[in-house]
1. Within the stretch A:432-467, find all residues whose amide N lies under 16 Å from a label point positioned 7 Å from the Cα of residue A:394 along Cα-to-beta-carbon.
2. May I ask for log10 I(q)/I(0) of the stretch A:482-548 at q = 0.13, 0.15 Å⁻¹, from a Debye sum over the Cα atoms as equal point scatterers with solvent left out?
3. For the peptides A:749-756, A:508-515, A:202-209, A:80-87, what is the packing order when you average, over each peptide's residues, the other Cβ atoms within 10 Å and list the highest mean first?
4. Taking 0.36 nm per intervening residue step and subtracting the Cα-Cα distance, what contour gain separates residue A:826 from residue A:896 on full extension?
5. What trypsin sites (Lys or Arg not before Pro) does the stretch A:857-960 have in DSSP loop regions with at most 15 other beta carbons within 10 Å?
6. How big is the dipole moment of the stretch A:898-959 about its Cα centre under a simple scheme where the beta carbon of each Lys and Arg is +1, that of each Asp and Glu is -1, and everything else is neutral? Debye, nearest 20, please.
7. Pop a pseudo-label 7 angstrom from the Cα along the beta-carbon direction at both residue A:179 and residue A:960 and give the gap in nm to one decimal.
8. Ignoring solvent entirely, what values of log10 I(q)/I(0) come out of the Debye formula for the stretch A:898-959 at 0.11, 0.13, 0.18, 0.27 Å⁻¹ when each Cα is a single scatterer?
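The values are calculated or read from the model by the stated rules, or taken from the named source; none is laboratory data. In this text, all values refer to a predicted model and were calculated from it rather than measured experimentally. Every residue, glycine among them, receives a Cβ derived from its backbone with ideal geometry; neighbour counts consider all protein chains shown. All accessible areas refer to the heavy atoms of the entire protein, side chains included, with ligands and DNA or RNA removed. Shrake-Rupley method; radii C 1.70, N 1.55, O 1.52, S 1.80 Å.
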Amino acid sequence: MKKNKIYKMALDFAKIEKYWKDFWIENKTYKVDIDKDKEKYYVLDMFPYPSGAGLHVGHPLGYIASDIFSRYKRMTGFNVLHPMGFDSFGLPAEQYAIQTGIHPAESTRENIKMYKKQLSNLGLNYDWSREVQTSDPDYYKWTQWIFSRLFEHYYDINENRAVPIDNLIEEFEKYGNLNVNAATAETKSFTAEDWKKMKDTEKNDVLMNYRLAYRKVGYVNWCEALGTVLANDEVKDGISERGGHPVVKKPMNQWSLRITAYAERLLNDMENIDWSDSLKSMQRNWIGRSEGLQMFFDIAQSDKKLEIYTTRPDTIFGVTFMVLSPEHPFVEELTVAENKKEVEKYIEYAVNKTEIERTSEKKISGVFTGSYAVNPINGKQIPIWISEYVLMDYGTGAIMAVPSDDDRDRAFAQHFNLPIINIIDKSKYPEATSKDKLGVMINSDFITGMEVPEAIEAIINKVESMGIGKKQVNYKLRDANFSRQRYWGEPFPIIYDEQGIAYLLPEDELPVELPPMTEFKPTVDGKSPLARNKNWVNDIDGFYRETDTMPGFAGSSWYFLRYMDPQNEEVFASKEALEYWQDVDFYIGGTEHAVGHLMYSRFWHKFLFDLNLVPTNEPFKRLVNQGMIQGVIEFLYLKKEKENGVNIFVSKELVDDNKQDEYAKIPVYIKFVKDYGTDNSYLDKDGIDKFREWREEYKNAKFVFQNGVYQSGEFDGEGSEENMRFTTLSEVGKMSKRYHNVVNPDDVVDEYGADVFRMYEMFLGPIEQSKPWDTKGIDGISKFIKRYWGLYEDRDGKWLVTEDKPNADELKLLHKTIKKVTEDINNLSFNTAISTMMVFVNEIKKMDSHKKAVLEPMVKLIAPFAPFVAEELWHRLGMSGSVHHEQYPVFEEKYIKESTVKYPICINGKKRGIEEFDANATQDEIKKIVRELDYVKKWIGDKPIRKEIIVPGRMVNIVI
RNA sequence: GCCGAAGUGGCGGAAUUGGUAGACGCGCUGGACUCAAAAUCCAGUGGUAGCAAUAUCGUGUGGGUUCGAUUCCCACCUUCGGUACCA
C-alpha cells in the first residue's frame, strides 16, 4: 500500500500535464512564423463544428495522428504549420437558439471554449495564435470577398480558366455572344445589335447565365420542418440528414456556384495528388463524366425540336418512344387536348411527391402526351411520354427510349405495352449485361453487322453531318446551390434595385455583418430570418439586401489559406505567406467529407489559382481519411403494445426473431449495462433501477425475464432478485447523443493521463480503419508507460540513469528501434511504432540497463507520441528548452549490422529448422553445412536433391 | 445494381519487394511476493495427436501460377463504406 503510493507520486501525470501545458503556452513552444531558412511543412486537420455535445473519443483519432506527425516533422527540421480553428456557422446553433433564445454567437462561443479546453487536454501542438472561426466577421469578410470574385467572373472554355465578366460585356458589345465559348446556361445566340437593344433586366439575366456565382430559379430541396433549403448532400434517402425530416421539391430563386465549369479539371487534376484510390474514385463517381451524343428530334406537327442526350447512339434504330421529365418545358405544348387532364394529374402527382416517395416505391408510372417525335435517322414516328424516371436536371431532361437495351426503358415499355425492337446480338458475349457496350448490330439499317463501338462512331458521324447534333461530354456533377434561408451563416454582399438586378457591395463595405436579432425562425413564406429585420434589409436608399445566407461549405472551402496569415486586414492572406506556405502537405479528416467539402475546396482553390491569388492548382497534396471510432449502442426491447397501460420490456433471448416487428428498440445509457458491447450484455437489478430512474415514463414498466418478472422494484420469480439478468441488444454504430453512448475523452484522460489516451487510440489499429471504442486494452498502454518511466526512476523515486558507456547490444537495440519507429511514422503506422517501443522496453529491461546514452535518444523518440512524459523526462535528464524542438534521433547502419544470419531451413518449402550462419558465408558454404544436418539428411533420405535455393538473408529451401 | 475497402488465434491487430504466419497488446492459465487482495514480476498460451522430441492442419470458400502464396491470377461468399431511376 505504502509502496504503491510512492510509486504513483513518481508518475503523477495530472501534475506533469498541468505543468507542461502552462510551460508550452508561456514559451510559445508551438508558435510558428515564416522562416525562409527552413523548409515548410503544413499539417492540417479538418476543423470541427463546435457542437454542444463536445468532443467524443472518436474526434481525436485524426487529431492525435496529425499531432504525432507534425511533431515528428518539426523534430526533423521542418518549419511546421499546424493550426486549428472552428467551422462555427451552422444549423444546430440556430435551432438551439430557436429553442432556448440563446443567440447562436453566444452558444458558439461557449462551445468553442469547451472544445479548446478538451483539445488542450490531449496535448495537441496547435499554434492557437492562428486560430480561425468562420463566424468571425474578420474571417467571413473574406468569404464574402471570394464570393464577390466568383460573381464577377465567368469561365472561358477556350482559355480554360476564369475570366472577368467585364471582358465578356466588352465582347458582347462588339460581337454579341457568337464567338464566346464559355461555361453557361445561356441557350440563345445574339449579336452586338441584339445585346445593345436589350433592357437592363434582360442583360442582367444573360450575364447571370455566365457568372460563376449566379442566381436562378430552380427546384430545390425544401425542408418544411427545418424551414430551409438543403443541398443534395444534406439530403439522404429523401429525408434531411439532420433531424430526419421529409424533403420536397420547391421552386425558388437561389444563388448557385458554377462548379460544373471546373468538372474536367477537378477530374483530371486528381492524377497528381496523393489521395487514396477509394477517395479519388468517390470524387470521380460524383463528377460522373460520360461521353455521348447530344441531338435533336423533330416533332410531328410542330416546329419545336426535342433535344436529347444519349451515351448509346448505336441504339437509335431501337428507339420506340421518347420520355420527357415532368418538369420539361415542352410538356404543356406537346400535350394534346384529349390527354390534357391526365397529364396535368400526373404532373401534379410527380412534382408534389417527396423525394423519399420517388425513390422508395419503384412503381412504374407515366403518361402519354399524344404527340409524336420523328426519328431523324429512319423517319419513323414515335410517341412522346412523360415519366418521373427522367430527371430534369441531368442531360436535357428528355431521352430517346431503347427498351431492348436499357433496363428502365424496358420495364416502362412492358408496363405500357410499347414495342420492343432487338437491335444488338450479344450471343458472342454471354457475360455481357445490357449496359455493356458489346455486341453486333442487327435490324439497324446501314449499321447492321457493325460492332457496338464502331456503330456508335458511325451514328455520331451521321448525326453531325446532318447538322442535328454533336458529340458531347456530360457530367453528373451539378452546380452547387449556395443559398440558405437561415440566420447563422455569412450574409451575401449583394443588394438589389427596384428591378431586381443584383449588385455587389464594394470591397470597403465588407464585411456585411449579421445584424443582431432575437427571433431566428424563418418567415412563413420560407424566407430567411434576416427578412424580418426590415431596417437592415432596406438600409440602403433605393436598394434592398439579399436576405439569404451562405451554406456551411462557404467558410470551410478556403479556411486553410487563412491560417497562413490569419490577422491580415488587407487581403485574405499576403502574397508572402502564400508563397511560403504554398499548400497543405498533409490533410487528415473523415471520409464523410470525401465529396462535399473536398470537392468545393478544390473548386474554390482552382478559381483563386485562375485569378493568380494562390500559387498552387490543388490545395491538398496528401490526404488521409482516418477511420471512425464507433460506439456501442445498447437497446432494450419494448413491446409496441402496452398491456393494461403498462410498458413491457422483454429480455433479448425471449424475443423471437420472426416477431421483432412487434418491438421498439429503446437505447439505454451504456454505463447502466454490464459487459456492454458483447453478446452477453445485460442489465442487473441495479441497472434496471437506474434506467427506471433515468426515464421516468418507464418507472412502472414491467421487465420480463426467462425466470420471472420485475416491476416497480418487486421481483416475482425463481431465484434471487440479485441475480436477475435482463439481456440487452448490443450493436455497433455512431457515437451520438441520441444513443447515450458518447465517451468523453476527458474522462479517460483523467483516469489514465493524456499520453496513455493518445497512445491507446493510436495502438487500436491502422489509422484508416474504423473500429468500435472499447477500453479493454488500455491497461496495456498504461503499463507500458509506467514500465518506460521505470527505466529512468524506480518505484521509490530513485533516479536510475547512469553515465556508463553503452555496449554493442544496447546500441543495436536502440538503433533498430529508431529505424523501425521512423519508418512507421512515415507510413502513418503508429500502432506498429508503439509496439516497437514496447519491444524496446521489454528488451532493455532484460538487460537491466539504464544508460543515458540510450535513454536520452529514447525520450526524443517517444516525444511525438507521449509529449508530456517525454518533456518531463527531458528536463529530469538535466536538459533545457523543449524536447519538441530537438533533433529527432537518426539511426546508424553500423550499429545494427549483424555478424551472423539466421536462416530457416526448408524442405520443399516447409520449414524444418533454423540455423545460424556467419554473415559472410558464401552460398556454397551454406549449402555444404545444410546438407550435413541430421534432420535434413533424414528428410532427404535417399531421394535426389533437385534444387537448392538460397535467398540471401532470407531462407534456404531444398527441393527433393 | 454500380464503385471502393476488407475478411488472419478467444479479442484488437502484425507480417512494407512472393521467403520463419500470428510481432505487440488484451484476455486466459500457472507460479513468485502478500495474512489476504490489489499492484508488480516470472513462465506459458492457434487447433489436433503425443509424456516428449515431433508430426499434422491452419490466413473467408474453391481452383491456379510457383521450389515457396496472408501476399500474385481466376471464380465465388460475407461484412463495412460510398452512390444510384444519370439516359
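1. A:435-436
2. -0.33, -0.45
3. A:80-87, A:749-756, A:202-209, A:508-515
4. Here the segment from residue A:826 to residue A:896 would lengthen by 23.2 nm.
5. Here the sparse-neighbourhood loop sites are A:897, A:946, A:954.
6. Value, rounded to 20: 460 debye.
7. About 8.7 nm, to one decimal.
8. Each listed q maps to, in turn, -0.21, -0.29, -0.56, -1.27.
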